[in-house]
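**Q** Quick one: the structure is below, questions incoming.
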Amino acid sequence: NNLYPHSIRKEVEDSLRRLGTDYIDLYQTHWPDPSVPIEDTMVELLNLKKEGKIRAIGVSNVTVSQMNEYINIGQIDSDQESYSMLDRKQEVDNLPYCKRQNIAFLAYSPLAGGLLTGKIAPDKVFSDDDHRKYHLQFTQENRNKVHKMLSELKPLTEKHNISIVQLVIAWALHQKGCTHALVGARNPSQVKENVKGGDVMLSEDDLKQIRVVIGKYF
């Protein structure tokens with residue numbers, strides 16, 4: 001979260017050297033830095049873009065107000081935020097804003113750290129060195145709710161002949177304003193499964209049914 005201009009330039013140039021390339025397609029700020037005026041940050045990003053070192057400018061974990069400050073200086077191309085069936089706060093402000101402003105919205109953690117894959121049993125015991133043991137989202141009570149919710153969504157997976165993972169990814173991509181889903185994977189087979197989620201077409205009735213189910217639990 002160091003957004004001082006000199007730091008941004010150093011990080012970009014270090015990345016270019018390590019990657020062995022002349023430019024970065026999309027460069028995003030990760031966290032806001034309250035110690036640096038947004039104008040200073042954006043001016044440096046625009047300079048790097050003019051120099052051809054980055055091709056697009058993105059932000060992450062920001063408010064609409066902060067995006068407005070960026071836009072007052074120059075164009076931003078993407079906003080990356082946490083978004084999933086269990087974390088829908090972006091539907092209030094950022095998603096509608098990005099849609100209006102034609103800004104790409106990159107949803108990270110659409111599978112909620114694996115919780116929405118259906119592979120984490122409600123009675124699973126996490127080891128002491130597993131961060132999920134101390135995360136509120138992974139309490140046994142919450143896992144029970146997720147398990148019940150996913151069970152109610154199973155008929156839709158059967159209807160479309162897809163996995164619950166593909167349904168969850170497809171749901172995110174069908175939300176107004178959401179243009180991309182950033183999904184983690186541990187092996188090639190998971191990558192192949194995840195990618196197919198982008199091809200799933202859900203009807204308005206499907207989406208309405210999913211909303212009703214989600215609303216029962218979260």
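**Q** As an exercise: evaluate His135 against (1) out of contact with any Ser or Thr (no Cβ under 9 Å at 6 or more places or on another chain); (2) closer than 18 Å to Glu81 by Cβ and give the number of the one condition it does not meet.
**A** His135 satisfies all of (1) out of contact with any Ser or Thr (no Cβ under 9 Å at 6 or more places or on another chain); (2) closer than 18 Å to Glu81 by Cβ except (2).
**Q** Being open to solvent by 30 Å² or more (accessible area, probe 1.4 Å) and of a type outside the set (Lys, Arg) is the filter here, so list the residues in the stretch 96-122 that pass it.
**A** If we filter the stretch 96-122 for residues that are open to solvent by 30 Å² or more (accessible area, probe 1.4 Å), which is where we start, we get 96, 99-102, 108-109, 113, 118-119, 121.
Passing the criteria: Pro96, Gln101, Asn102, Tyr108, Ser109, Gly113, Gly118, Ala121.
**Q** Just for the stretch 4-32: of the residues that are assigned to a helix (DSSP H, G or I) and under 22 Å from Asp79 (Cβ atoms), which one is most open to solvent (accessible area, probe 1.4 Å)?
**A** My answer is Glu11.
**Q** Further question: Could you count how many residues in the stretch 131-144 are within 22 Å of the chain's Cα centre (by Cα) and charged (D, E, K, R)?
**A** The number of residues fulfilling the criteria is 2.
**Q** Say whether the condition of being open to solvent by 10 Å² or more (accessible area, probe 1.4 Å), polar (S, T, N, Q), at pLDDT 95 or above and farther than 17 Å from Leu173 by Cα is met by at least one residue in the stretch 81-95.
**A** no
**Q** As an exercise: evaluate Leu150 against (1) open to solvent by 50 Å² or more (accessible area, probe 1.4 Å); (2) in contact (Cβ under 8 Å) with a residue 24 or more places away in the chain; (3) at negative phi and give the number of the one condition it does not meet.
**A** Of everything listed in (1) open to solvent by 50 Å² or more (accessible area, probe 1.4 Å); (2) in contact (Cβ under 8 Å) with a residue 24 or more places away in the chain; (3) at negative phi, Leu150 misses just condition (1).
**Q** Take the residues in the stretch 33-55 that are in a helix (DSSP H, G or I) and aliphatic (A, V, I, L, M), then tell me which one is most open to solvent (accessible area, probe 1.4 Å).
**A** Across the stretch 33-55, the extreme among qualifying residues is Val43.
**Q** Pull out all pairs, ordered by first then second residue, where Cβ-Cβ is under 6 Å, the residues are six or more apart or on different chains, the first lies in the stretch 187-207 and is under 16 Å from Glu158 (Cβ atoms), and the second is not in a helix (DSSP H, G or I).
**A** Final answer for the pair search is Val200/Ile162; Leu202/His174.
**Q** Here's something else I'd like to know. At least 2 residues that are within 16 Å of the chain's Cα centre (by Cα) and surrounded by 13 or more Cβ atoms within 10 Å (Cβ to Cβ) in each: list the helices (runs of 4 or more DSSP H) lying fully within the stretch 153-218 that qualify. Before the answer, list the steps.
**A** Numbers: elements: 164-173, 188-196, 204-217.
Those helices (runs of 4 or more DSSP H) span 164-173, 188-196.
**Q** Still on this structure: Would it be correct to say that Val125 is in a helix (DSSP H, G or I), open to solvent by 20 Å² or more (accessible area, probe 1.4 Å) and either without any contact (Cβ under 8 Å) to a residue 60 or more places away in the chain or not polar (S, T, N, Q) (or both)?
**A** Taking the combined requirement at face value, the residue does not satisfy it.
The values are calculated or read from the model by the stated rules, or taken from the named source; none is laboratory data. Treat the numbers as computed from the prediction; the structure is a model and nothing was measured. Cβ coordinates were reconstructed from backbone atoms using ideal geometry, including for glycine residues, and neighbour counts include every protein chain displayed. All accessible areas refer to the heavy atoms of the entire protein, side chains included, with ligands and DNA or RNA removed. Shrake-Rupley method; radii C 1.70, N 1.55, O 1.52, S 1.80 Å.
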